[in-house]
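Take a look at the structure set out below.
The values are calculated or read from the model by the stated rules, or taken from the named source; none is laboratory data. Computed from a predicted model, the values in this text were never measured in an experiment. Counting neighbours? That spans all protein chains shown, and the Cβs are built from the backbone with ideal geometry, glycine included.
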Ligand code: PRP
């Protein structure tokens, strides 16, 4: 049995479609159920940001998660394959009428991605005060909570609708297949078998 952590939402749906294609049968969660067992697979439906945690602690052998979440978590995991779904970018956004003022002694940046943000600005030797938020990040510059945001941009609609523009891209992201060292050792043939099947159809 392989336990697979999936992030609730579209990536879970698209991943299950990949499984349906490979195994030619239905993989559908019953309404509100968080566990689905089909043959040798047990799927766990978890929050996006929690996928690496389930895999790292061995509650799941493998997981599907955005590269941005993987970067942010900084856990010792094995990144096996880019599924090329859930494509998005992590960007810096500011108000349309603003410029990022590098001469300011300290810039306030709102984000839910603390580590990615810290790393990016420290590489550039820029002093930033990071304000941790859990969602609706685009609101922060509008109400004066922050000068800039670091956030996910998929279609760009949320920024546009809220009068923000992208000033810089920090990284590209898409959903990746991950595993932990222990599962990769003890269930290597099952994991590689699945890896090959997925790789063949994406
Ligand atoms: C994400 C992200 C942006 C939005 C980007 O938010 O934080 O707000 O999607 O998508 P777009 O470029 O297609 O408009 P999410 O929907 O996960 O909600 P959140 O604000 O609660 O994080």
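Side notes on the structure shown:
Residue by residue, here is whether (1) under 22 Å from residue 188 (Cα atoms); (2) outside any strand (DSSP E or B); (3) outside the structural domain of residue 135 (by TED's automatic domain parsing); (4) in contact with a helix residue (DSSP H, G or I) (Cβ under 9 Å, 6 or more places away or on another chain) holds:
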site	(1), (2), (3), (4)
18	yes, yes, yes, yes
33	no, yes, yes, no
44	yes, no, yes, yes
49	no, yes, yes, yes
53	yes, yes, yes, yes
72	no, yes, yes, yes
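- Test: residue in region 88-96 that is touching a residue at least 24 places away in the same chain (Cβ under 8 Å), touching a strand residue (DSSP E or B) at 6+ places or on another chain (Cβ under 7 Å), surrounded by fewer than 17 Cβ atoms within 10 Å (Cβ to Cβ) and part of a loop (DSSP other than H, G, I, E, B): yes
- Subset of region 141-161 (residues that are free of Cβ contacts under 8 Å to residues at least 40 places away in the same chain and over 27 Å from residue 175 (Cα atoms)): 143, 144, 145, 146
- Residue in region 17-35 that is over 21 Å from residue 202 (Cα atoms) and surrounded by 16 or more Cβ atoms within 10 Å (Cβ to Cβ) present: yes
- Of the strands (runs of 3 or more DSSP E) lying entirely inside region 108-202, those containing at least 1 residues that are surrounded by 19 or more Cβ atoms within 10 Å (Cβ to Cβ) and more than 16 Å from the ligand (Cβ to nearest atom) are 128-132, 175-179.
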